[in-house]
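Structure record follows, encoded as structure tokens.
Taken together, the values in this text are just the output of simple stated rules run on the coordinates, not laboratory data. On a predicted model such as this, the values are computed, not experimentally measured, just so you know. We place every Cβ from the backbone using ideal geometry, glycine too, and count neighbours over all the protein chains shown.
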Amino acid sequence: MGAKHNATTTVPGVRAVIAKNKTVEIVDIPLPLGEGTRLRVTNAGICGSDLHILEWGISDIVLGHEFGGYDEAGTLWAVRPKSSCGTCDTCDRDLAHLCRDATKDMNGISAQGGLAEEVIVPVDRLIPLPSTVRSHEVGLVEPLAVVMHGLRRGRVETGMETAVVGGGSIGLLTVAALLHRGASVDVYARHEHQRLAAERLGANVHSSDEHPNAVHDVVFDAVCNQESFDSSIAACRPAGTMVEFGMFWTPVTMSNEVMFKEISVVPSLYYSHNHDHDDFVDAGEVLGDMPDLSDTIVTHRFTIEEAVEAFRAAADR
């Protein structure tokens, strides 16, 4: 584990990507110091929520909550970016991921994120990885942990008929996790390149314009707008489950089809861990078992110095 450092020591800086005036800047920041483990970041992802954070006008915070890297001993770690207080009523109910202070010290939002050359991470946020996970893939563990939490919330079992509405990164990672679980998967995606990626993973692909068959035990909405919500409800069999990933950035209206079919609408956000399971550990196992996954999911790679272009590309669907 990383050594403790004196915060007053004069040290060289590191390159980092910060939010500034609704865009990003590449700057030098002081070498991170303090309690925890120093990681040399190998890669970090740009999440859709990062784009929304920029729109909100957050400034002077190092972005990036999908990241990992090597410690000083050369061990590769993924990072769980969220904290928990351990004392609130939600934490007492073994729901630390829903802690009332969960975002108070979250990497990339309220604490330094992973879009930097180096970062100090609290020891309890470090997730060990299988030896088959490569350093340039580690940024996928966090979004894949979101997916594993959704599978748990949807109670997906081997042999189930499932569907995914949306072919973005979360949608495609959901496809991979469902196939790894032994479910059959239909994907409804808007763009051809998304359908091709889903097909390479092994899913049955459809255009998002197609009306889905109502035969699926569990359907995952990986878009979170009115159109995708309606399509997900349509794809559910009677008494099926619809798992809603992520955030509604605009409100949606629920129709009576939910009632007529008695569909269970299950929200799923973040990831959880307790004495029984850890969504990050499960995510690492899936990534380690599917060596072609990152090559299918990742479309672009940029250096820190190319961060402005990277965010422009991330915003271009």
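Restricting the calculation to Cα atoms, every distinct pair contributes to the Kirkwood radius of the stretch 13-128, found to be 14.6 Å. Against the chain, whose longest principal axis comes from its Cα atoms, helix 192-201 is set at around 90 degrees. Binning the alpha carbon pair distances of the stretch 245-298 at 5 angstrom intervals from zero yields the distribution 4, 12, 13, 15, 16, 12, 14, 11, 1, expressed in whole percent. Approximating the spin labels as points 7 Å out from Cα along Cα→Cβ, the Asp124-to-Tyr70 distance works out to 2.9 nm.
Against the empirical curve 2.2 N^0.38 Å, the C-alpha radius of gyration of the stretch 144-268 lands at a ratio of 0.92.
The protection proxy used here, the mean number of other Cβ atoms lying within 10 Å of each residue, ranks peptides 104-111, 301-308 as follows, highest first: 104-111, 301-308. Model label sites at Leu196 and Lys22, defined 7 Å from Cα along the beta-carbon direction, differ in position by 3.4 nm. Each label point was placed 7 Å from the Cα along the Cα-to-Cβ direction; for Asp89 and Glu306 their separation is 5.0 nm. Across the stretch 237-303, C-alpha contacts under 8 Å between residues 6 or more apart give a mean separation that, scaled by the residue count, equals a relative contact order of 30 percent. Entry note: the chain has Rg to Rh equal to 0.97, where both radii use alpha-carbon atoms and Rh is the Kirkwood radius. When the helices of the chain are scored as -39500 (n - 2.57) per DSSP H run of n ≥ 4 and the total is divided over every residue, the value at 222 nm lands at -8000 deg cm²/dmol. Shown here for the stretch 114-167: trypsin sites (Lys or Arg not before Pro) in loop regions (DSSP other than H, G, I, E, B) with at most 13 other Cβ atoms within 10 Å, namely Arg155. Over every Cα atom in the stretch 75-170, the radius of gyration and the widest Cα-Cα span, Dmax, amount to 15.6, 43 Å. Expressed as a whole number of Å, what is the distance separating the alpha-carbon centroids of the stretch 196-220 and the stretch 222-265? The two parts, judged by their Cα centres, are 15 Å apart.
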